[in-house]
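As structure tokens, the structure follows; a few thoughts come after it.
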Amino acid sequence: GPPYTLYFGIKFYAEDPCKLKEEITRYQFFLQVKQDVLQGRLPCPVNVAAQLGAYAIQSELGDYDPYKHTSGYVSEYRFVPDQKEELEEAIERIHKTLMGQAPSEAELNYLRITKSLEMYGVDLHPVYGENKSEYFLGLTPVGVVVYKNKKQVGKPRITKVHFKETQYELRVLGKDCNETSFFFEARSKTACKHLWKCSVEHHTFFRMPENESNSLSRKLSKFGSMSYKHRYSGRTALQMSRDLSIQLPRPDQSVARSRSKTYPKRTAQMQPAGKSWSPLIICVIMRGLLAGGVRSNSINQLTANMENGENEGMTKILAPSPIKRKQRMKTALTPKEAKIMYRGKKMVLRADSTALPMTKQSLQSSLPGAAETPPVGVTMTLFSQPGEGT
């Protein structure tokens, strides 16, 4: 029910949006085409989607800043349906190379890529052909294109369109200069009439010669259906391009860009295989195990496994019983489990419910076994990702 939200969209896509004279018009085209890509109306390969996403991020956020744009910042935005993390990583890599591009330049580059896509500016209408097989009639600036199974099967030279009830007729001029009629079935009478009206409007706007643009009866008699009259109100593309009364671009024209909708940032994943461990983390493990009496060959094997990425995510290391001593320091740590986490430039040693912040310099004196004997069966849990808690 009410209130209702109205969305404005582009009716006629310019053949070359990069030739639009005003920045505000190019920006509105950019928003429409970006929405077409997001909603799947304008499909594109993954590598092209990465380039488009990088230009959209450059227009939205400006130059890459490592202090502002932390890891995963691209995941807060949506560019294509069913967006994957691999695409976001590719967008981030390309975004880092676009330093110095102004928003208007990034949007112009976005339009320069999208105008070459096959489905750019195509207004699709579902119809049925022979044996109820499904087709799509695509209205484009250069004519009507026929699609079947998402593939173009025809780009006929159309001389006339006509409809009756739910039947839609395309009259095509063949190579032998003879006309042939092709019939399609629309889903309803309303849908069929809407397809006919859109066909007449596209032909009038893009294809109508200037010497015929002032005669409505000639427009309809040559291309449209004589049983129905549809008046297209507005100037054609040719008239707009040759109108010298309007000086474009207008002076002192400012563009107020709106912010895109954002989403929660993608959660950090565990360290994947093949990525090296931090040298500081490895140093902490070795010192702790040496203090606990672990043999050096076991430590070397553990370090090699870490560097090769064999231990993914959270790795628990259970230290064996240390060498027996006659006396144990009363001040020795006695928790059953100690956890070491790496957070930026700080290390945190957590014992039971107690968390002790440490720096790199104070870490050596705070580790169990540095100045005293660690307890039997100390368990150290190491987190490979910075900033992860327990």
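General observations
- Candidate set from the stretch 161-182 (those that are among the charged types (D, E, K, R) and out of contact with any Leu (no Cβ under 8 Å at 6 or more places or on another chain)); member that is most open to solvent (accessible area, probe 1.4 Å): 175
- Filtered residues of the stretch 148-169 (kept if in a strand (DSSP E or B), at pLDDT 90 or above and more than 14 Å from residue 130 (Cα to Cα)): 163, 164
- Check on residue 185, open to solvent by 60 Å² or more (accessible area, probe 1.4 Å), on the phi < 0 side of the Ramachandran plot and acidic (Asp, Glu): yes
- Only residues that are among the β-branched types (Val, Ile, Thr) and without any contact (Cβ under 8 Å) to a residue 60 or more places away in the chain were counted in the stretch 117-132, giving 1.
Residues checked against (1) farther than 30 Å from residue 252 by Cβ; (2) surrounded by fewer than 20 Cβ atoms within 10 Å (Cβ to Cβ):
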position	(1), (2)
5	yes, yes
9	no, yes
56	no, no
90	yes, yes
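- Among the conditions (1) outside any loop (DSSP other than H, G, I, E, B); (2) over 16 Å from the mean Cα position of the chain (by Cα); (3) under 19 Å from residue 24 (Cα atoms), the only one that residue 107 does not satisfy is (2).
- Of the criteria (1) surrounded by 14 or more Cβ atoms within 10 Å (Cβ to Cβ); (2) touching a Phe, Trp or Tyr at 6+ places or on another chain (Cβ under 6 Å); (3) of a type outside the set (Ser, Thr, Tyr), which one residue 144 fails: (2)
- For beta carbons closer than 6 Å, sequence separation of 6+ or different chains, a first residue in the stretch 142-157 that is more than 13 Å from residue 184 (Cα to Cα) and without any contact (Cβ under 8 Å) to a residue 60 or more places away in the chain and a second that is open to solvent by 100 Å² or more (accessible area, probe 1.4 Å) and of a type in the set (Lys, Arg), the qualifying pairs are 145/155.
- On inspection, residue 41 does not qualify as under 18 Å from residue 258 (Cβ atoms), open to solvent by 30 Å² or more (accessible area, probe 1.4 Å) and touching a residue at least 40 places away in the same chain (Cβ under 8 Å).
- Some residue of the stretch 111-126 being part of a helix (DSSP H, G or I) and surrounded by 19 or more Cβ atoms within 10 Å (Cβ to Cβ): yes
- Residues of the stretch 1-17 classified as within 22 Å of the chain's Cα centre (by Cα) and farther than 16 Å from residue 36 by Cβ, total: 0
- Residue list for the stretch 241-263, restricted to those being in contact (Cβ under 8 Å) with a residue 40 or more places away in the chain and surrounded by 10 or more Cβ atoms within 10 Å (Cβ to Cβ): 248, 249, 250, 253, 255, 257, 260, 262, 263
The values are calculated or read from the model by the stated rules, or taken from the named source; none is laboratory data. Computed from a prediction, not measured in an experiment: that's the story for all the values here. Because the Cβ atoms are built from the backbone with ideal geometry, glycine has one as well, and the counts that use them run over all protein chains shown. The accessibility values were calculated without ligands, DNA or RNA, using every heavy atom of the protein model including side chains. Shrake-Rupley method; radii C 1.70, N 1.55, O 1.52, S 1.80 Å.
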